[in-house]
Amino acid sequence: MKKAKKWYDYLWIVSALYLILGFFNILFAWLGLICFFVPLAIAIISGNKAYCNRYCGRGQLFQLLGERLRLSRNRPVPRFLKQKWFRYGFLIFFLAMFLNMLFTTYLVAAGASSLREVVTLLWTFRLPWHFAASSAASVTPWVAQFAFGFYSVMLTSTVLGLITMALFKPRSWCVYCPMGTMTQGICQLRHRGEAK
Amino acid sequence: MKKRFAVVDTALCVACGCCVKVCPRQAITVPKGIFAEVARTQCVGCGLCAKACPASVIEIMQEETP
């Protein structure tokens, strides 16, 4: 029995489009903040993970690539990946890298360093990204710097997600996704003291 | 025949909702965003959720005969 598709079952197109647009104009990276604030807002206001459960375009994209296009080995993830210490450890690491990116943006805003037109993959590899920076000159430098930094975060997590999608189950990323861990934590706080 | 049903390891569930999407009987939900819950009256133990679960924390169990 196939379920009828809803509008939100096509959000993977938005996720794919986001990654593609970043190759043409880095300022589109700012739109990624939606995937940052919407899940948090839903968790805080409604106390559930409707974002993960329904609207996450990235999850849908991994599902599509892994299942429909058969790019996944479909094996269980290693045990450590789903443990609390790893999930929260990865969240803390991710947030630290995020703060580091915000600090770089601040340095550019304060005039202490100049704009670097690079996308940093896996927090290590600096990829020249000047080809998507044609419009970066028309905005305040820190606005462009944040775009490069945020796109780095999004591309890095997509690459990690693609690797685990190929090695394990399609949506293995969901197991250690920092946003997922954070929203689950918020839900736990919101519902503490309630009967199971 | 013994009834089969899905059981979620709630301590390790990441509440992603992959199971909800594949369940043909709407027997599994993530009501509070913390873990998935199985409605035993609805579940037929088909195992689709267990197969889809990215964390592999769903198992199909068999009812004990009294």
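The values are calculated or read from the model by the stated rules, or taken from the named source; none is laboratory data. Being a predicted model, the structure only gives us computed values, none of them experimental. Positions of Cβ are backbone-derived with ideal geometry, glycine not excepted, and every protein chain shown enters the neighbour counts. Heavy atoms of the whole protein, side chains included, go into the accessibility calculation; ligands, DNA and RNA do not. Shrake-Rupley method; radii C 1.70, N 1.55, O 1.52, S 1.80 Å.
Considering Cα pairs under 8 angstrom that are at least six residues apart, work out the relative contact order of the stretch B:4-62 and quote it in whole percent.
48 percent
So, taking all protein chains as they sit and a 1.4 Å probe, how much accessible area belongs to A:His130, in Å² rounded to tens?
Here the accessible area works out near 120 Å².
When only the heavy atoms of the protein chains count and the probe is 1.4 Å, how do A:Ser46, A:Ser134, B:Ser56, A:Ser72 rank by accessible area, highest first?
Per-residue accessible area, sorted high to low, gives A:Ser134, A:Ser46, B:Ser56, A:Ser72.
Dividing the alpha-carbon radius of gyration of the protein assembly as shown by 2.2 N^0.38 Å (N being the number of residues), what value is obtained?
Dividing the Cα radius of gyration by 2.2 N^0.38 Å gives 1.10.
When the Kirkwood radius is taken over all Cα pairs of the stretch B:22-66, what Stokes-Einstein diffusion coefficient follows at 20 °C and 1.002 mPa s, in µm²/s?
188 µm²/s
For chain A, set up a Gaussian network in which alpha carbons nearer than 10 Å are linked by springs, and say which option among A:Tyr151, A:Tyr176, A:Tyr106 fluctuates the most.
A:Tyr106
Once you've got the GNM for chain A with C-alpha springs shorter than 10 Å, pick whichever of A:Ser138, A:Ser172, A:Ser15 has the biggest mean-square fluctuation.
Most flexible of the set in this elastic network: A:Ser138.
Which of the trypsin sites (Lys or Arg not before Pro) found in the stretch A:1-61 are loop residues per DSSP with 10 or fewer other Cβ atoms within 10 Å of their Cβ?
Answer in residue order: A:Lys2, A:Lys5, A:Lys6.
Hey, if we sort A:Arg171, A:Arg192 by accessible area with the 1.4 Å probe, largest down, what's the order?
Ranked from most to least accessible, the order is A:Arg192, A:Arg171.
Using the Cα centre as the reference, give the magnitude of the dipole from point charges on the C-beta atoms of chain B (Lys, Arg: +1; Asp, Glu: -1; all else neutral), rounded to the nearest 20 debye.
240 debye
Treating only the Cβ atoms of Lys and Arg (+1) and Asp and Glu (-1) as charged, compute the dipole magnitude of the stretch A:1-145 about its Cα centre; round to the nearest 20 debye.
The dipole of the stretch A:1-145 has a size of about 1000 debye.
Going 7 Å from the Cα of A:Gln188 in the Cα-to-Cβ direction, what parts of the stretch A:81-124 have a backbone nitrogen less than 19 Å from that spot?
Those under the cut-off are A:81-96.
Taking each residue in B:26-36, count the Cβ atoms of any other chain within 10 Å of its Cβ, then average. What number comes out?
Mean inter-chain Cβ contacts per residue within 10 Å come to 6.
Hey, rough spin-label estimate for A:Leu17 and A:Val159, points 7 angstrom out along Cα→Cβ, what's it come to in nanometres?
Using points 7 Å along Cα→Cβ, the separation is 2.6 nm.
Mind ranking A:Leu27, A:Leu81 by accessible surface for me, highest first, 1.4 Å probe?
If we order A:Leu27, A:Leu81 from most to least accessible, we get A:Leu27, A:Leu81.
Given the whole protein assembly as supplied and a 1.4 Å probe, what does the accessible area of B:Lys3 come to in Å², nearest 10?
About 70 Å², ignoring ligands and nucleic acids.
Which whole-number percent is the relative contact order of chain A (Cα, under 8 Å, 6+ apart)?
34 percent
Quick one: which of A:Lys84/B:Lys3; A:Lys3/B:Lys2; A:Lys82/B:Lys21; A:Lys82/B:Lys51; A:Lys82/A:Lys169; A:Lys49/A:Lys84 span more than 23 angstrom between C-alpha atoms?
Flagged as over cut-off: A:Lys84/B:Lys3; A:Lys3/B:Lys2.
With θ taken as phi - 60° and the coefficients 6.51, -1.76 and 1.60, list the Karplus ³J(HN,Hα) couplings across the stretch A:162-178 in order, rounded to whole Hz; mark glycine and proline as x.
Computed from phi, the couplings for the stretch A:162-178 are 5, 4, 6, 4, 5, 6, 10, 6, x, 9, 4, 3, 4, 5, 10, 4, x Hz.
Quick one: what are the phi-derived ³J(HN,Hα) couplings along the stretch A:58-69, Karplus 6.51/-1.76/1.60 with θ = phi - 60°, whole Hz, x for glycine and proline?
Karplus values, whole Hz, x for Gly and Pro: 5, x, 5, 5, 5, 4, 4, 5, x, 8, 5, 8.
Mean 1/r over all different Cα pairs, inverted: what Kirkwood radius does the stretch A:31-77 give, in Å?
12.1 Å is the Kirkwood radius here.
Using a basic spin-label model with each label point 7 Å from the Cα along Cα→Cβ, how many nm lie between B:Lys51 and B:Glu63?
My value for the distance between the label points is 2.4 nm.
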